[in-house]
Amino acid sequence: MEQHHDGRSLENPVPVVAHLSAPIEPYDRGDEINSALRVVEHHTMVTRHRLAATYQIAAFADTSGLPGAFVECGTWKGGSSGIMALAHLRHGTQARVFHLFDSFTDMCVPDESIDGDLAIAQARATPGVTGPLDGSLRPMEGFYTPLGGHATPQDVRSLLIDTIGIDKRSVVIHEGWFQDTVPTARGDIGAIAVLRLDADFYSGTRFCLEQLFDQVVVGGFVIFDDYGCYEGCRRAVDEFLARTSPPMFLNHIDAEGRYIIKR
Ligand SMILES: C[S@@+](CC[C@H](N)C(=O)[O-])C[C@H]1O[C@@H](n2cnc3c(N)ncnc32)[C@H](O)[C@@H]1O
């Protein structure tokens, strides 16, 4: 049975938290990555392959001196942001700002005309979801209950600042729907070294790309966590990249994760 993203599938849309405790197959920086995974494992639904790739990308950004912030749109409890923070603590020589965006509610409703069968099945399997699946910005109450509930800003602060040890002045949390928070924050963010998009559905992914891609430095990275998972995410990325010039190669991380290096 094909598994998606956080362990959900069309046949069984109830999520299973990714199991992170087993050692991953040999990776460059394997020991560092395994130890970082142990720090974030209870704060993430992202697969270990995608966390490992995120770690490697963040480490490369630091060792190669890429300027700009680390930005994540869709932090949930902060695990994939935390992986970047751990790479930065080990490899960074200059302070970096972490701009972290999330609604800190349950996931918004998908748009059944665009987000695909898995998104619709998950929405319909969520007991608190009523009304049309029209992509509107209202939380699907209970969507994250099987994973322990939706996140709070304090979950993210506590992981990055208290547990990992990033300076609190370098962690900026933007609470609310991306469509409200990103336009007002983008001026303060400035250059971006790594943009990690983990918004699941079409509208959030497309919106963040439209808003933030221009601020990614040449040689910087954009990670798409959900490309192979949700049809809406794939469509948002494909539509956006179809009109970027020069064309950019979409690298595979695993069945679902992709990334590009901006040219
Ligand atoms: C798949 S989870 C992120 C997983 C996370 N990166 C991790 O390490 O586990 C997606 C998150 O994005 C948030 N989200 C999705 N669309 C959003 C939007 N339009 N505005 C704000 N937050 C959004 C959800 O509330 C959820 O917390």
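The values are calculated or read from the model by the stated rules, or taken from the named source; none is laboratory data. If you're wondering where the values come from, they're calculated on a predicted model, not measured in any experiment. Cβ sites come from the backbone with ideal geometry, for glycine too, and all protein chains shown count toward neighbours.
Given the condition closer than 25 Å to SER158 by Cβ and at pLDDT 95 or above, answer yes or no: does some residue in region 8-21 qualify?
Taking region 8-21 as the starting set, the residues that turn out to be closer than 25 Å to SER158 by Cβ are 15-21.
Narrowing the set further to residues that are at pLDDT 95 or above leaves none.
No, there is no match, as no residue in region 8-21 is closer than 25 Å to SER158 by Cβ and at pLDDT 95 or above.
Looking at ASP134, ASP115, which is the one that is closer than 25 Å to GLY228 by Cβ and surrounded by 20 or more Cβ atoms within 10 Å (Cβ to Cβ)?
The match here is ASP115.
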Query raised in the report: When ALA199 is evaluated against the numbered criteria (1) of a type in the set (Gly, Ala, Ser); (2) under 18 Å from VAL46 (Cα atoms); (3) out of contact with any helix residue (DSSP H, G or I) (no Cβ under 6 Å at 6 or more places or on another chain), which criterion, by number, is the only one it fails?
Result: (3)
Query raised in the report: Residue check: is ALA59 surrounded by fewer than 17 Cβ atoms within 10 Å (Cβ to Cβ), at negative phi and touching a helix residue (DSSP H, G or I) at 6+ places or on another chain (Cβ under 8 Å)?
Result: no
Query raised in the report: of a type outside the set (A, V, I, L, M, F, W, C) and surrounded by fewer than 19 Cβ atoms within 10 Å (Cβ to Cβ), is that true of HIS91?
Result: yes
Report summary line: The residue that is surrounded by the fewest Cβ atoms within 10 Å (Cβ to Cβ), considering only those in region 62-81 that are more than 10 Å from the ligand (Cβ to nearest atom) and part of a strand (DSSP E or B), is ALA69
